[in-house]
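Notes follow the structure.
None of the figures in this text is laboratory data; all of them are computed from the coordinates on show. This is a predicted model, so every value here is computed, not measured. Glycine gets a Cβ as well: all are built from the backbone with ideal geometry, and neighbour counts include every protein chain shown.
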There are 2 protein chains.
Amino acid sequence: MKFSEAPISCPMDGLLRVISGPWTTFILWRLSTHGTLRFGELKRLVPGVSSRLLTDRLRKLEDAGIVNRDYKPTIPPEVSYALSPRGQELREVLKHLSDLAIKWDLGQAKHGDEAVASQ
Amino acid sequence: MKFSEAPISCPMDGLLRVISGPWTTFILWRLSTHGTLRFGELKRLVPGVSSRLLTDRLRKLEDAGIVNRDYKPTIPPEVSYALSPRGQELREVLKHLSDLAIKWDLGQAKHGDEAVASQ
DNA sequence: CGGCATCCGCTAAGATACTG
DNA sequence: CAGTATCTTAGCGGATGCCG
């Protein structure tokens with residue numbers, strides 16, 4: 001894919017912006033390994049994230065069609081999230097990215113995190 | 001997008017952080033399509049970027065081993081950049097990302113936010 | 001020419017409190 | 001439970017100026 005004369009516009013940038021936000025890859029990883037998760041469960045699985053940020057990230061992922069949001073107006077309300085087909089596709093590509101990152105060993109946060117890497 | 005410091009992280013986050021900075025993908029594409037470029041040439045090929053940002057992005061890409069920097073202490077100095085083998089690998093993966101983005105047509109680059117900019 | 005240093009403004013991230 | 005509202009803070013990005 002050539003950029004040639006297209007000065008400042010690339011769909012990939014929008015996608016990158018969505019997935020590169022803080023916690024985002026973590027959230028995606030959790031959803032990919034745990035399947036469908038409720039908001040509270042997800043929050044517990046992503047230690048340290050605030051409701052505000054989690055909501056924000058999920059909203060953006062949803063807008064991009066990467067995750068599906070299922071809202072049941074029961075009492076108490078029940079909202080669950082899961083990767084969409086797009087999310088699955090994205091996961092495949094991200095795995096390649098992750099493989100590169102691991103191979104290169106960029107020295108970022110090497111703490112125990114098979115994270116997205118292993119799955 | 002800022003990543004302060006996630007308690008747990010994965011190597012991919014570091015890589016994503018590097019490549020998702022403003023102008024970064026644009027710079028990578030310029031280097032991939034034009035080959036080796038001097039600082040000034042690159043700056044001219046990325047309209048609107050400041051020296052400070054361009055330097056910053058190139059430094060991070062260099063630190064990640066994605067681009068090679070060649071410095072000749074002539075007068076005037078001559079500094080050129082080119083994709084490293086890692087950069088070529090990365091480009092392959094980014095192409096898949098780009099393909100997804102195009103297929104999904106996320107429709108960013110709207111509201112004149114310079115699209116390429118992200119964070 | 002190819003930077004780095006500095007100041008400065010903006011926005012995103014964090015914490016906290018509150019609600020249907 | 002699953003958010004929203006608000007305030008504060010911190011870091012990024014822009015502009016400018018200087019140097020080898």
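Taking amide H positions as placed 1.01 Å from N in the peptide plane, with prolines and chain starts having none, which residues 5 or more places from A:SER84, or on another chain, fall under 5 Å of its amide H?
A:VAL67, A:ASN68
If R0 is 45 Å, what FRET efficiency do you get for A:GLU41 and B:LYS95 from their C-beta distance, rounded to 0.05?
0.80
Normalised by the residues of region A:8-89, what does the relative contact order come to in percent, with Cα pairs under 8 Å and at least six apart? Intermediate results must be reported in sequence, preceding the final value.
Details: 83 pairs, mean separation 25.5, N = 82.
Worked out over region A:8-89, it gives 31 percent.
Suppose R0 equals 30 Å; then what is the FRET efficiency for A:ARG59 and B:GLU78 from their Cβ-Cβ distance, rounded to the nearest 0.05?
0.05
Kindly write out, for region B:23-37 in residue order, the coupling ³J(HN,Hα) from the Karplus curve 6.51 cos²θ - 1.76 cosθ + 1.60 (θ = phi - 60°), rounded to whole Hz, with x marking Gly and Pro.
Once θ is set to phi - 60°, the couplings for region B:23-37 become 6, 4, 5, 5, 4, 4, 5, 4, 5, 6, 8, 9, x, 5, 9 Hz.
When the Karplus curve 6.51 cos²θ - 1.76 cosθ + 1.60 is applied with θ = phi - 60°, which whole-Hz ³J(HN,Hα) does each residue of region A:52-68 get, with x for Gly and Pro?
4, 5, 4, 4, 4, 4, 5, 5, 5, 5, 5, 4, 7, x, 8, 10, 9
At A:ILE75, label 7 Å along Cα→Cβ: distances to the other copies, nm, ascending?
Result for A:ILE75, in nm, nearest copy first: 8.3.
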